[in-house]
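Q: A single structure is presented below for examination.
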Amino acid sequence: MTNSSEVLIVGGGIIGCSIAYQLSKEGAKVTIIERESVGSQASGAATGLLVALASVETPGPFLELTEESCRRHKQIIPEVEELSGIDSQYGDFSWLELAFTEEEEKDLKRDLGWKLDTPGVSWFTDEDIRKMEPRTTPKARSGLYVSGQAQVDAYRLTLAFAGAAEALGTTIRYGDVTGIKTRSGRITGLETSLGEISSDKIVFAMGSWSKGMEDWIGIPVPVEPMKGQSMHLEVSGPPIPCMIHHISSYVAPKLGGVVVAGTYDGFMGYDLTIHEKGKASILASVEEVCPGVLDSRVVNHITGLRPSTRDLLPILGVIPGLEGGYIATGHRRLGITLSAITGELISQLVLGKPTRLPLDAYRLDRFDGMEEQQFDSFDAAH
Ligand SMILES: Cc1cc2nc3c(=O)[nH]c(=O)nc-3n(C[C@H](O)[C@H](O)[C@H](O)COP(=O)(O)OP(=O)(O)OC[C@H]3O[C@@H](n4cnc5c(N)ncnc54)[C@H](O)[C@@H]3O)c2cc1C
């Protein structure tokens, strides 16, 4: 195997694989270096919701980025499914955000009421909620209903991006990247457990492990792992019709009658252990939003680390002061949603083309001088 590549990508999560697919489509010779297996981390653990409007809390450029990504998924998913032969289980999805008290109702209308101007979004009374899903908690007094969203099986979509990239010539190699090689401010290669691999274009898509590259590039990469856990439940009655969400508790229907229930655990380092406490908190979250499905059979329990930044936006772009170095990380709870647009934008950047959308707001050096803020001070629901 040659120890050089036109473009190297560090990390075989959905972000690295989507970038590899777009670059290969443009004819670039790409190698992904992954230290475990493709989709083994956050991308394989994710619920798989492709949600722009349902999830982004304020209108603006970040909503535009997520909406554009959802539009791009519509075209890209059939392409990668065909090239890879993997069905990503792409399908429709809707979301109901509940309010339990008058105060929560006021907050929801104040913070998310702007969504009501959008087609497919409506305000549900308690009667509407009960009519749609009688097993919803009786504590719900109203809610914001967002239809027209989509979902996939996140692990399958990651494998589909990887398989499609391979079909177009990408090589995937398994090894640990431990450092970089540079000459006169330009990147020239990687130090890895497979030996040195040279390239003058390298994309770092290391998810929650991105902080590990700080010593390599000499500038801060403020990305922290935010633990998330979910359980797959086999519901005995009819499938639930939409995601039912309240603050940090949710149940979400997947294809084949399985429901995913989860919580956001917060910042606990790299601990991926499934604790009894975690199981109990997921079941408490099911009870909180949809107690009528509490008798479901638990078929799986998974944990993963969402790569999170201080300002909740991803980091996308060039690495300042390191010619030929690029970074794509910090996608937090929207990495599956943003994978399509991230692949396109980073590929355009690497190939020296104008990017479809501006990347300025996602620069790595935007954190310079930003007041130090503790990650664990965030509301876990972020
Ligand atoms: C429980 C849960 C539910 C979620 N649900 C959703 C959802 O419904 N919708 C949504 O849009 N997002 C969701 N997310 C978020 C989403 O999963 C992440 O934002 C996304 O997967 C990040 O992708 P990534 O490729 O950056 O990271 P990862 O998938 O973590 O991949 C990074 C890869 O880099 C590799 N790596 C790191 N360091 C090195 C090194 N030095 N050498 C070689 N390889 C290295 C790792 O082994 C890993 O495979 C969820 C996350 C979790 C945990």
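The values are calculated or read from the model by the stated rules, or taken from the named source; none is laboratory data. Since we're looking at a predicted model, the values are computed, not measured. Cβ atoms come from the backbone with ideal geometry, glycine included; neighbour counts cover every protein chain shown. Side chains are part of the model used for accessible areas, which takes the heavy atoms of the whole protein and leaves out ligands, DNA and RNA. Shrake-Rupley method; radii C 1.70, N 1.55, O 1.52, S 1.80 Å.
Q: Please state which of the following conditions Gly278 fails to meet, knowing it meets all the rest: (1) in contact (Cβ under 8 Å) with a residue 40 or more places away in the chain; (2) open to solvent by 60 Å² or more (accessible area, probe 1.4 Å).
A: Failed condition: (2).
Q: Next question, about the same structure. If I ask for residues that are more than 14 Å from Phe161 (Cα to Cα), more than 15 Å from the ligand (Cβ to nearest atom) and in contact with a Ser or Thr (Cβ under 9 Å, 6 or more places away or on another chain), which ones from segment 19-42 would you list?
A: Scanning segment 19-42 gives Glu26, Ala28, Lys29.
Q: Taking interchain pairs and intrachain pairs at least six residues apart, which have beta carbon atoms under 7 angstrom, with the first residue in segment 15-44 and on the phi > 0 side of the Ramachandran plot and the second more than 6 Å from the ligand (Cβ to nearest atom)?
A: Cβ pairs passing all conditions: Gly39/Tyr155; Gly39/Thr158; Gly39/Leu159.
Q: With segment 159-207 as the region, which strands (runs of 3 or more DSSP E) entirely inside it contain at least 2 residues that are among the basic types (Lys, Arg) and either touching a residue at least 24 places away in the same chain (Cβ under 8 Å) or assigned by TED's automatic domain parsing to the domain that holds Ile217 (or both)? Working first, answer last.
A: Values: elements: 171-174, 177-183, 186-192, 195-198, 202-204.
It comes to 177-183.
Q: While we're on this one: How many residues, within segment 6-18, are more than 6 Å from the ligand (Cβ to nearest atom) and either of a type in the set (A, V, I, L, M, F, W, C) or open to solvent by 20 Å² or more (accessible area, probe 1.4 Å) (or both)?
A: Restricting attention to segment 6-18, the residues satisfying the condition of being more than 6 Å from the ligand (Cβ to nearest atom) are 6-9, 17-18.
Narrowing the set further to residues that are either of a type in the set (A, V, I, L, M, F, W, C) or open to solvent by 20 Å² or more (accessible area, probe 1.4 Å) (or both) leaves 6-9, 17.
Number of matching residues: 5.
Q: Given the residues Val293, Val350, which is the only one that is open to solvent by less than 40 Å² (accessible area, probe 1.4 Å), at pLDDT 90 or above, more than 15 Å from the ligand (Cβ to nearest atom) and under 17 Å from Cys17 (Cα atoms)?
A: Details: Val293 fails: under 17 Å from Cys17 (Cα atoms).
So the residue among Val293, Val350 that is open to solvent by less than 40 Å² (accessible area, probe 1.4 Å), at pLDDT 90 or above, more than 15 Å from the ligand (Cβ to nearest atom) and under 17 Å from Cys17 (Cα atoms) is Val350.
Q: Restricting the search to segment 1-38, which residues are assigned to a loop (DSSP other than H, G, I, E, B) and either under 28 Å from Arg306 (Cβ atoms) or in contact with a helix residue (DSSP H, G or I) (Cβ under 6 Å, 6 or more places away or on another chain) (or both)? So that I can check it myself, show each step before the final result.
A: Our first condition is that a residue be assigned to a loop (DSSP other than H, G, I, E, B); within segment 1-38, this holds for 1-3, 5-6, 11-13, 26-29, 35-38.
Those that are assigned to a loop (DSSP other than H, G, I, E, B) and either under 28 Å from Arg306 (Cβ atoms) or in contact with a helix residue (DSSP H, G or I) (Cβ under 6 Å, 6 or more places away or on another chain) (or both): Gly11, Gly12, Gly13, Arg35, Glu36, Ser37, Val38.
Q: Looking only at segment 257-275, decide whether some residue is part of a helix (DSSP H, G or I) and either under 24 Å from Phe100 (Cα atoms) or open to solvent by 50 Å² or more (accessible area, probe 1.4 Å) (or both). Walk me through it before giving the result.
A: Here is the first cut: in segment 257-275, the ones part of a helix (DSSP H, G or I) are 257.
After this cut, where a residue has to be either under 24 Å from Phe100 (Cα atoms) or open to solvent by 50 Å² or more (accessible area, probe 1.4 Å) (or both) as well, the list is none.
No, segment 257-275 contains no residue that is part of a helix (DSSP H, G or I) and either under 24 Å from Phe100 (Cα atoms) or open to solvent by 50 Å² or more (accessible area, probe 1.4 Å) (or both).
Q: Criterion first (over 28 Å from Lys277 (Cα atoms) and within 15 Å of the ligand (Cβ to nearest atom)) does Asp215 satisfy it? Show your work before the answer.
A: On the way: over 28 Å from Lys277 (Cα atoms): yes; within 15 Å of the ligand (Cβ to nearest atom): yes.
The answer is yes for Asp215.
Q: Any residue in segment 333-362 that's without any contact (Cβ under 8 Å) to a residue 40 or more places away in the chain: show its pairings with residues that are within 16 Å of the ligand (Cβ to nearest atom) at Cβ separation under 6 Å, as long as the two are six or more apart or on different chains.
A: Taking only residues 6 or more apart or on different chains, the pairs are Thr355/Leu345.
Q: Scan segment 86-117 for residues that are open to solvent by 70 Å² or more (accessible area, probe 1.4 Å) and outside any helix (DSSP H, G or I) and jot them down. Give the steps one after another, and end with the answer.
A: Residues of segment 86-117 open to solvent by 70 Å² or more (accessible area, probe 1.4 Å): 87, 90, 92, 102-103, 106, 109-111, 117.
Within segment 86-117, Asp87, Tyr90, Asp92 qualify.
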